[in-house]
Every structure is written in structure tokens, then in C-alpha cells.
Amino acid sequence: MNVREFNKKRIYSEVSGVTAFVEPKIKIRLNDFGLYEELINAPEDFILNPLVEKVSPYLNATNNESFIAEELYSKVEDICYDKRVGYYDSLYVGHVVEGDYRKNASSGGMGTWIFKALLDEGEIDGVIHVKNNSDKNSKILYKYEISRTVEEVLEGAKTKYYPVELSEVLNIIKENKGRYAIVGIPSFIKAIRLVCLYDPIINESIAFTVGLICGHQKSSKFSEYMGWQVGIEPGNLKAIDFRHKLADRPADSYAISMTGYINGKLSTVIKAKSELDGQNWGLGYFKPLASDFTDDVFNETADIVIGDAWLPEYTSDSGGNNIVIVRDQAISRILLNSIETNKLSMKPVGVDKIFSSQSAHYRHTHDELAYRSLSQKKKNIWFPQNRVSQSNEITYLRGKVQNLRMDIAEQSHSIYQEAVKRKDLNYFSNKMNGLNFKYKLVYYVMAIKNKGFKGLLDKVFKRET
Ligand SMILES: Cc1cc2nc3c(=O)[nH]c(=O)nc-3n(C[C@H](O)[C@H](O)[C@H](O)COP(=O)(O)OP(=O)(O)OC[C@H]3O[C@@H](n4cnc5c(N)ncnc54)[C@H](O)[C@@H]3O)c2cc1C
């Protein structure tokens, strides 16, 4: 593939950074929209290293998630398989009891505890996860870093709805051989698996993969926008806790804690997410296009998958709980022992329970991808080949929802850029409110269609989700 062809397709790039790892002409940089972008320092007819197409999760259509997962897990003893969730050895809902893992986490604490357990067991030498950027002069707040002790691992807790990329850490582990566990969203774990197919050193170094469920990614402007709403102007945000737990509130009614300069003074403001604009994930503010072109909801190529237990019987618990999908037997044993010794409070559940915690996510990401792909095809825009074939089989109103979601995500990037240029936060809110109004209207019509006038009242007064 030459640079011209690559550039046509890179609009979907996540960007996980693996292409830069295999092709030195590719550099990764955070662009003006707050998204990672691949920059190529070569003429348009320059032929890129063929590995670029092989390791990119969007360009490699042959080695899809099903192929990779089958290679990894189909021969594991007593492994189960579900078409929606992928392979699984065991499934749980619950949280960490040991230490302060849960208290310091976004949800049940498994996303940090599992690394501590793997370090304690001597299974790994290091952890590749997302932490505060140690370069305090950089405008980038969070990045992948390597931790080698439990203390260092603890510093990486909490979800960062923030762009990250892998090229830097991959280069570090290539130079520092060892056994590492890595955490990532589905396309990143797939990208790592693809790199492992072609790079024996990385393959030996990645001992475990910890997958997160991921509704979608956000640009760095999402954080900036949250900060701006509480008086931290663009460029002045220093830290953000996207998942600040509020005692006595349901787990999904968390707050955002933002630290930055307000009128020259370093301040921290904590605001309930319900009081901040842009926290409705259905709308997809600041979503990169790539997030809408993956069909992997349950991180099918990861050894263990961790998500939020968005289930009615768990959300009332403000402490937070995880859904957990285990595919690797060593991890399965660690979990069983830790449940027995009360380090974990985990209840085995059926596959439908796991699925139901992400059913809305699955409808958008997997089922309705068929419609999004067809829309791109009709517009003559290249789109990644995935496991969902293009189709127009969608109700008129769900089609409208999809059109509006794509519109809102796309426009949020440029409208925000213009608002920053004008130094006018209201410019963004007003423009976005116009689109949001149309979106709400479609939902009202759907509510009336499904449940009549009662449905409309429920929607307006938020008597149901
Ligand atoms: C962009 C994004 C979208 C998500 N969307 C959903 C969703 O729709 N539904 C759902 O159930 N769960 C989603 N999650 C996962 C969820 O937010 C929690 O991270 C997960 O439940 C683990 O919680 P915990 O308390 O066990 O983890 P913690 O103990 O808080 O640990 C979190 C772990 O995730 C790592 N991490 C943080 N940010 C990133 C990142 N950007 N990329 C890679 N690793 C990271 C940390 O380094 C740490 O290891 C999303 C996560 C991200 C990053």
C-alpha cells in the first residue's frame, strides 16, 4: 500500500499507534481536534512496509477478531462460546474486596487488582496501562506507561476517556524484554494481537491481555469541554477524574472531578455528570469515526474482559461493580482462589446476564453497524471490512438515530474548534443543542410509537432509561 492509499483510509484510524511501530515513516501526533493521527513523512507513491496493513486493526480484514480468538481460545479445555460475547471460561459480576482497589477505581476495581494479582503470582514483570503523563510540560494528560511494582500499578487506576496510543510503549518493551500484561479497549487489544502475529519479541513479551469494554472513545477535547463548563478555560485543565464516585448515589450517577486554573488559581471542581453537558454517551460528542466502525463489543481477543455492571440490581450500589469475562485459565485459577479467600466478591453469572449489561451498546456498535457501513458505501467512502455485513434492514426511526449520531459526533469536533477560536463556550452549546433537539425528537416519536402517550411522559420525565 502506498501513502496515497493509506491516507484515504486513515480517517478511521483509532489511532492505536501500531502502524508507527512497524513503519518508521509514520509518526503519531495529537492533532488539533484532540485525536491521534498518523503523519507520514514520505511522497504519496512511497510504498509503506506491508506490515502496516497487517497490524492495523482496521486494515487487516482477514485476521479478524473471530480468527484471532479461535486461534487463542478454541482449544482451551471446557471453553464455552457465545456468538455475541465470544469465548469464555467463566463469567462474573462483582467487585474487589481486598484493600482500597474498589474505592480508588472507576467501578469494581478489577481493572487494577488483576495486575496486582498477576505481579504477586510472579506471572508478569510489568504492566502496560494508562497513567498520568509524567511529562508535566506536555499538553497530553494521560498516556500508556509501564509499571513494575504494585505501588506504581495503583497510580494507573480509573478510566480515562482520553486518547492514548501504543507506539512508545511497544518500542520500550522491545528494548526491555520481559513478561507484561497490557490493558486496552477492543481495537487496541486486537492491534496488539496482530503485532504479536508478526513480531516474535512482542509476542513473547505480552503474557496477558486485559480488555476493557468500550462504548466509544473520546478526543482530548471532551475533557477540555468538561473543564470549560466549570470555568477552566481551554489549555488550563491539569487533571480530570472522569469517574468520581458519589456515595449514596447509584453507580451510574457519578461525578467528574476537574483540576485546573480558574482565574489564575489552581482549583478542583467536582460536578455530578447530570449537571454537565455532553455526558449523554448516546449522543457521542467528540467520538472518533473509528469507534463507530468496530463490531467487537466484548473485547473478544482479550484474556480477561472487564466492564461496568450496568445492571439494575447492581447500579444502586454506589461502590461500583464489574462484569468480568475470563478466557485464560491461569487468570481463571487466580480468580477462583481469590473468591475463595474473600479477596474478591464475585458471583458467577450466565452469558445472558453479561450480554444484558451491554445490550444497548451491542445494538449500536454491532447490530446497527450494518446500516452505518451501508451509508458509507452509498456515499462512496471507504470503510473497514468487519464481521457485520452492510444492510438497510433497520426501522425508519433507528436509521434516523444512526444518522443523527454520526452527524453529532462529526460536527462536535469542528463546532468545538470554532468555539475555542471564538472563545465562546455558548457557541458550542447553542449549535449542538440544535442537533440534540432533533435527536430528542426522534426518541419522543419512538416512545409514542412503542408505548403511546405514557411512553412519551416516561421519556420526558425520565421515568425510564
Ligand atoms: C474509552 C472507554 C470507554 C468505556 N466504555 C465502557 C462502556 O461503554 N461500558 C462498560 O461497561 N465499560 C466501559 N469502559 C470500561 C469502564 O469504564 C471501566 O474502565 C471498567 O469497568 C474497569 O473498571 P475498574 O473499576 O475495574 O477499573 P480500575 O481499577 O479503575 O482500572 C482501570 C484500568 O483501565 C486502564 N485504563 C484507563 N483508561 C484507559 C484507556 N483509555 N485505554 C486503556 N486502558 C485504560 C487503567 O490503566 C486501569 O488499568 C470504558 C473504558 C474506556 C477507557
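The values are calculated or read from the model by the stated rules, or taken from the named source; none is laboratory data. Only a predicted model underlies this, so the values are computations on that prediction, with no experimental measurement involved. Neighbour counts run over all protein chains shown; Cβ positions are idealised from the backbone, glycine included. In case anyone asks, the SASA skips ligands and DNA or RNA and just uses the protein heavy atoms, side chains included. Shrake-Rupley method; radii C 1.70, N 1.55, O 1.52, S 1.80 Å.
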Fill in the blank from the handout: Going through (1) crowded, with 19+ Cβ neighbours inside 10 Å; (2) away from the ligand (no atom under 12 Å from the Cβ) one by one, Ile182 fails only at (2)
Completion exercise
Filtering region 131-144 for residues that are without any contact (Cβ under 8 Å) to a residue 60 or more places away in the chain, more than 9 Å from the ligand (Cβ to nearest atom) and in contact with a helix residue (DSSP H, G or I) (Cβ under 8 Å, 6 or more places away or on another chain) leaves a count of 1
Handout entry: Single residue of region 147-175 satisfying the filter (of a type in the set (A, V, I, L, M) and open to solvent by 40 Å² or more (accessible area, probe 1.4 Å)) that is nearest to the ligand (Cβ to nearest atom)
Key = Leu154
Handout entry: Those residues of region 361-372 which are within 14 Å of the ligand (Cβ to nearest atom), touching a residue at least 12 places away in the same chain (Cβ under 8 Å) and not hydroxyl-bearing (Ser, Thr, Tyr), in sequence order
Key = His361, His364, His366
Handout entry: Flag for Glu70 being more than 13 Å from the ligand (Cβ to nearest atom) and buried (at least 21 other Cβ atoms within 10 Å of the Cβ)
Key = no
Completion exercise
Flagged pairs (Cβ under 6 angstrom, 6 or more apart or on separate chains; first in region 214-233, touching a residue at least 24 places away in the same chain (Cβ under 8 Å); second outside any loop (DSSP other than H, G, I, E, B) and charged (D, E, K, R)) are Val230/Lys271
Exercise for the section: Hey, could you check region 213-232 for residues that are of a type in the set (A, V, I, L, M, F, W, C) and part of a helix (DSSP H, G or I) and say which is farthest from the ligand (Cβ to nearest atom)? Expected result: Trp228
Exercise for the section: For region 308-317, indicate whether the set of residues that are in contact with a Pro (Cβ under 6 Å, 6 or more places away or on another chain) and open to solvent by 30 Å² or more (accessible area, probe 1.4 Å) is non-empty. Expected result: yes
Handout entry: So Ile262, is it open to solvent by 20 Å² or more (accessible area, probe 1.4 Å), of a type in the set (Val, Ile, Thr) and in contact with a Gly (Cβ under 6 Å, 6 or more places away or on another chain)
Key = yes
Problem - strands (runs of 3 or more DSSP E) contained entirely in region 44-101, each with at least 3 residues that are of a type outside the set (Lys, Arg) and either more than 20 Å from the chain's Cα centre (by Cα) or at pLDDT below 95 (or both) - result: 80-82, 90-96
Handout entry: Selection status of Ile240, farther than 30 Å from Val349 by Cβ, open to solvent by less than 50 Å² (accessible area, probe 1.4 Å) and either in contact with a Ser or Thr (Cβ under 9 Å, 6 or more places away or on another chain) or not in a loop (DSSP other than H, G, I, E, B) (or both)
Key = yes
